[in-house]
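We did not get these values from a lab; they are worked out from the coordinates using the rules stated. Everything numeric in this text was worked out from a predicted model, so none of it was measured. Don't worry about glycine lacking a Cβ; one is built from the backbone with ideal geometry, like all the others, and counts go over all protein chains shown.
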Amino acid sequence: MPELPEVESTRRHLAPVIEGHRIDRIEVGHPRMLRRQPRPADFVDRSRGRAVVSTDRRGKFMLWHLDGDLTIVVHLGMSGRMQVVPFDEVPARHAHVRWRVGDREVRLVDPRTFGFVACLTDGELDDVLSGIGRDALTDLPTVGEIAPTLAGRTAPIKALLLDQRIVAGLGNIYVDEVLHEAAVAPMRPAGSLEARELGAVLRAIPGILEAALRGGGTSLDDLAYLLPDGRAGEYVATLGAYGREGEPCRRCGGTIVRTVLAQRSTHWCPDCQH
Ligand SMILES: [Zn+2]
């Protein structure tokens, strides 16, 4: 599933293609992609012919700000990715939303259709983002700010780091990476972490996200996530825990194990994560 580094890598690749350019044509091939648009017909009507003024991101939500105080929201869901191709290229399967911009076409390819798009007024955008917590890359809370939220919580720290209402942008891969880097076991009750451990978790987040961004994100074997130009994200070679079941821990030489936690595949090192 695309997480913050994949969404942000995608946004950065799309920015020079769409910023300052007008959206000439829009086609939506799957009505499910518009399920978050209050009136589905508004999506095309509102955004066609408008220029993309700037792009932004909040957690896993990509935002394209248009002239006229409207914003296109793109969420990649479980398996979505963006593509930029010449406008006359034959549409790929599952290219459910297509924007013509100049002589190029920007596509949302989403086989499982858990992603969505919407074109929203500022008020509607506030509603969509109202439950979303602080951004893990640009607005990470301090230990003092997050400790009260975790105090007394018996849910595993992993589950709370996945909760987009607390910190937005982390998913299964990067939570495992952060907890490995911080040497904290993923099943620890969140409220049991000492300030020192919580500090290690928060300190690990920017370094891992920045490194993943430099690699263009993580493309796993299924290649569900690719950059808009079709290249794979290269961070997979740098992963410390995720997907490394049975392989030696890069820190202590122990063996990375896989368990299921909060219904999610979880990779960690029992020898050095406590
Ligand atoms: Zn280890």
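Here is how the numbers come out for the structure above:
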item: Rounded, prolate or oblate (a/c below 1.5 giving rounded, otherwise prolate when a/b exceeds b/c) for the stretch 4-129 by Cα gyration tensor; result: rounded
item: 3J(HN,Hα) from dihedral phi, the stretch 160-166, Karplus parametrisation 6.51/-1.76/1.60, rounded to Hz, x for glycine, proline; result: 6, 6, 7, 6, 5, 6, 9
item: Inter-probe distance in nm under a simple model that places probes 7 Å from Cα toward Cβ, at Glu194 and Asp67; result: 5.9 nm
item: Integer Hz, Karplus 6.51/-1.76/1.60 couplings in order for the stretch 55-65, x for Gly and Pro; result: 10, 7, 7, 9, x, 9, 9, 8, 10, 10, 7
item: Förster radius 22 Å - calculated FRET efficiency between Asp221 and Asp56, Cβ distance, rounded to 0.05; result: 0.10
item: Summed side-chain charge close to Ala147 - residues other than Ala147 whose Cβ falls under 15 Å, Lys, Arg +1, Asp, Glu -1; result: +2
item: Proximal charge balance of Ala168 [Cβ under 10 Å; K/R count +1, D/E count -1]; result: +2
item: Inter-probe distance in nm under a simple model that places probes 7 Å from Cα toward Cβ, at Arg231 and Thr255; result: 3.7 nm
item: Segment His13-Arg36, length gained on full extension (0.36 nm per residue, minus Cα span); result: 5.8 nm
item: For Ala168, distant residues with modelled amide H under 5 Å away; result: Gly133, Arg134, Asp135, Ala136
item: Candidates Ala237, Ala183, Ala95: whichever shows maximal mean-square fluctuation once the chain is modelled as a Gaussian network with Cα springs under 10 Å; result: Ala237
item: Helical mean residue ellipticity (222 nm; -39500 (n - 2.57) per DSSP H run of 4+; nearest 500) of the chain; result: -8000 deg cm²/dmol
item: Distant-in-sequence amide H partners of Val53 (H built 1.01 Å from N, under 5 Å); result: Gly20, His65, Leu66, Asp67
item: The stretch 46-89: C-alpha gyration tensor shape, a/c 1.5 cut-off, then a/b vs b/c; result: oblate
item: Contour excess over end-to-end distance, with Cα ends at Arg214 and Asp103 and 0.36 nm allotted per residue; result: 37.1 nm
item: Alpha carbon centroid spacing (whole Å) that separates the stretch 48-74 from the stretch 214-274; result: 31 Å
item: Orphan Cys of the chain, criterion: no other Cys C-beta under 4.7 Å; result: Cys119
item: Neighbourhood charge, 11 Å Cβ-Cβ cut-off, centred on Thr259 and excluding it, Lys, Arg +1 and Asp, Glu -1; result: +1
